[in-house]
1. Can you confirm whether region A:95-108 contains a residue that is within 9 Å of another protein chain (Cβ to nearest Cβ) and either part of a helix (DSSP H, G or I) or modelled with pLDDT under 90 (or both)?
2. Please name all residue pairs, on different chains or six or more residues apart, with Cβ atoms under 7 Å, provided the first residue is in region A:125-148 and is over 18 Å from B:MET143 (Cβ atoms) and more than 14 Å from chain B (Cβ to nearest Cβ) and the second residue is modelled with pLDDT of 85 or more and surrounded by 12 or more Cβ atoms within 10 Å (Cβ to Cβ).
3. Would you check if B:ILE285 is touching a residue at least 12 places away in the same chain (Cβ under 8 Å) and surrounded by 14 or more Cβ atoms within 10 Å (Cβ to Cβ)?
4. I'd like the residue in region B:114-151 that is away from chain A (no Cβ under 12 Å) and touching a Cys at 6+ places or on another chain (Cβ under 7 Å) and, out of all such residues, is nearest to B:PRO189 (Cα to Cα).
5. Only one of B:LEU133, B:LEU93, B:LEU104 is within 23 Å of A:VAL52 (Cα to Cα) and surrounded by 24 or more Cβ atoms within 10 Å (Cβ to Cβ). Can you tell me which?
6. Evaluate region A:113-125: report whether one residue or more is of a type in the set (Ser, Thr, Tyr) and in a loop (DSSP other than H, G, I, E, B).
7. Mind listing whichever residues of region B:35-91 are in a helix (DSSP H, G or I), within 11 Å of another protein chain (Cβ to nearest Cβ) and closer than 18 Å to A:SER68 by Cα?
8. For the condition surrounded by fewer than 24 Cβ atoms within 10 Å (Cβ to Cβ), more than 30 Å from B:GLY291 (Cα to Cα) and modelled with pLDDT of 90 or more, what is the one hit in B:LEU195, B:LEU213, B:LEU168?
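The values are calculated or read from the model by the stated rules, or taken from the named source; none is laboratory data. None of these values were measured; they are calculated from a predicted model. We place every Cβ from the backbone using ideal geometry, glycine too, and count neighbours over all the protein chains shown.
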Amino acid sequence: MITAQAIFIGFFGIAAVWFGVVVFRTFSMVRSAIALLFSQTALGAMFLTMEVEFLGVLQIMMMATEMSIMAIFMVMFMMDPGGMGEMDMTHQKQFSLTAGFISFVGAVAVAVFIDWGPVSTVAVDSVEQTKALGFELLDRSMLIFEMAGITILTAMIAATAVAIKPASKTSQPKSSSTAHGDHQHKEQSK
Amino acid sequence: MTSLLILLSLAFGVYLLAVLEAWIVNGRFQLSRPVYSALALLGRESIIPRKPDLLFFETGPIILLIAALLAAAVIPLAPGFIIADLATGALFLNAALAYVLVALIMAGWGPNGAYAMIGGWRFLGQLIAYAMLIVMPITAVAMRAESLVTTEIVLSQSAVWNIFYQPLGFALFFIASMGLAFMPPFDMPTAKSELAGGVEAEYSGFRLAIFRLGRMVLVITLAAATVTFYLGGWHGPGLAPWVWSAIKILLVTAAMLLVGKYLPRIRESDLLAWCWKLGIPLALINIFIVGILLVVIP
């Protein structure tokens, strides 16, 4: 039986896949990032349609900032971020096609052949869901989440530490092209 | 019916905000001014810049308006007077407001102009500064209410308003919400004197009208959120609940405009430094204090 819920899940599912395709069809880095964002937002909307409110809203919220930050990194690192220079940025096409096809077949096989267990037809009340999720996060799964959190934090601090230039090196310029070097040069010539 | 009434009151709120902004910032009190301004904007030609990313250029202002409207949908103006009383209301508000950033980046990137683009990316830096100061004070508010439902949050303040229960959280949220609505002194993305309007620079005519409308709805929504989370929502003696909501929202808006009038525009790096080095520790202390208060005074 096709219900309104099923139609909406299908709609958002197709939207998610379509925006995923757009990510690779455009040459603009910002368009690509924003398309990926809307693909993820469509996934969040699928959660909402399945009455999993907290996860849906969380997905929609987290992706907006994450994909925007990714967009600025793509703009900073790519040669032609606007895609207006008509530069071909693809490579290893044969390998990518094969890898993509195998992953697709694998994902479909998992979805079709796995035993999903009994399917619940009625969703739990949204307030109860949030409460249950809170207890899950601070009870049984607490160790896993704390470990993941601390690992990510360590990686962030390490990345920042690596990115910062040591202060001692910047305060003593070696080349004569800097202002300080020029000054010394003039002093000597006098 | 409720949705329609709330949208109408939002439209009236935007009108009052326009009058208030002209009055407080420019010193001119004219009730007819917003109507003339709107007519002038709608009557003018809306220029499309050369080689734009047309899709972003067109949808940016619309996404800004939609994000602000979605955020307004979870704010109760009176008991039962709310568009969607979601179980995750306080979280949904954040989710909707996160798309203000997306809208500004799209509107900044779209017109293919340097000033607009810098304005758009500036707001990304601004988000990294204010985002935690929006979320962490809301966490403390939700802790007291023991719920993310916005109606429950208002009901939890029936005895003592959160502005007295957690004044630190209120101060942080107030400042951060001004940053979110890019009001002066946090108007880096649309700075008139530095970026010639920034994100707004390449917009004109009806597209600019949509952008400004979106920003005004955003300001009203954030004032309403401040009232819901900290000023006891619709609670108040004597008058009808919706009257109290309206008075408080207007007062918060006026306070935001007044603060912006007397402060110079902050530098992006200063904002980031203050928010991360001072704001986030204070927000954590606020959560800690509220936690202790909840245990000590049940």
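1. no
2. Listed by first residue and then by second, the contacts come to A:PHE145/A:LEU137.
3. No, not satisfied.
4. B:ALA129
5. Every option except B:LEU93 fails the conditions.
6. To start, the set of residues in region A:113-125 that are of a type in the set (Ser, Thr, Tyr) comprises A:120-121.
With the extra rule that they be in a loop (DSSP other than H, G, I, E, B), the set shrinks to A:120-121.
Yes, that holds for at least one residue.
7. B:LEU55, B:PHE56, B:THR59, B:GLY60, B:ILE63, B:ALA67
8. From the options B:LEU195, B:LEU213, B:LEU168, the qualifying one is B:LEU213.
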